[in-house]
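The values are calculated or read from the model by the stated rules, or taken from the named source; none is laboratory data. This is a predicted model, so every value here is computed, not measured. Quick reminder, even Gly has a Cβ in these numbers, built from the backbone with ideal geometry, and neighbours come from all protein chains shown. Please note that ligands, DNA and RNA were not included when accessible areas were found on the heavy atoms of the full protein model with its side chains. Shrake-Rupley method; radii C 1.70, N 1.55, O 1.52, S 1.80 Å.
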Amino acid sequence: MSTKSNDDPTCDSTEGDKNAFSCLQHRIRNLVAALGGASRLARQLADEFGDPIGESGIRAWTAQGNVPLRRRHQLARLGQKRNLVVDLATLEVHFDSIGGDVSAASDPGKAAFFSLDQVAARWGVPRDRVEDLVKFGSLRVHDLAGTERVAYSDLADFEFRARRSDHLDC
């Protein structure tokens with residue numbers, strides 16, 4: 001179940017300015033998700049660097065399709081703590097080959113992304129049930145390094161909503 005469209009992060013900027021802008025917005029959304037979502041990222045930036053921005057400021061990066069260079073360096077340092085490599089020029093997120101696949105981390109709070117198989121194993125359901133949640137838009141996947149991954153922040157949000165409604169909708 002791929003969510004590739006015109007805003008595919010692997011698209012080429014030669015396809016036009018509007019498409020390149022969409023690609024950059026998509027990359028920024030993936031980066032923010034990889035680092036725990038806008039709210040958590042805002043807290044991390046304030047705690048780690050003493051440089052508060054606020055959740056709305058982070059959301060503005062996506063809307064504007066731009067992250068200031070100073071913040072790109074900060075995001076790259078935060079990514080290193082999660083075994084992620086952040087390309088400063090393109091803002092693409094890749095798994096750190098030295099640290100291994102972060103989705104295999106034993107502590108779910110440290111894993112940035114899970115494969116669809118790992119989500120299915122976590123919930124004890126068949127993979128096709130997880131794919132259905134993706135297909136119907138209940139669970140969002142990110143295309144990172146050619147593989148579909150579910151961000152831990154998205155997974156935690158889905159599980160929280162499911163607990164509030166007293167059932168896991170899968």
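Here are a few things to note about the model shown:
- Selection over segment 115-148 of residues that are open to solvent by 20 Å² or more (accessible area, probe 1.4 Å) and under 19 Å from LEU41 (Cα atoms) gives a count of 1.
- Residue match in segment 23-31 (condition: within 12 Å of LEU91 (Cα to Cα) and at pLDDT below 85): no
- LEU35 closer than 20 Å to PHE113 by Cβ, hydrophobic (A, V, I, L, M, F, W, C) and at pLDDT below 90: yes
- The set of residues from segment 113-154 being of a type in the set (Gly, Ala, Ser), modelled with pLDDT of 80 or more and under 23 Å from VAL32 (Cα atoms) comprises SER115, GLY137, SER138.
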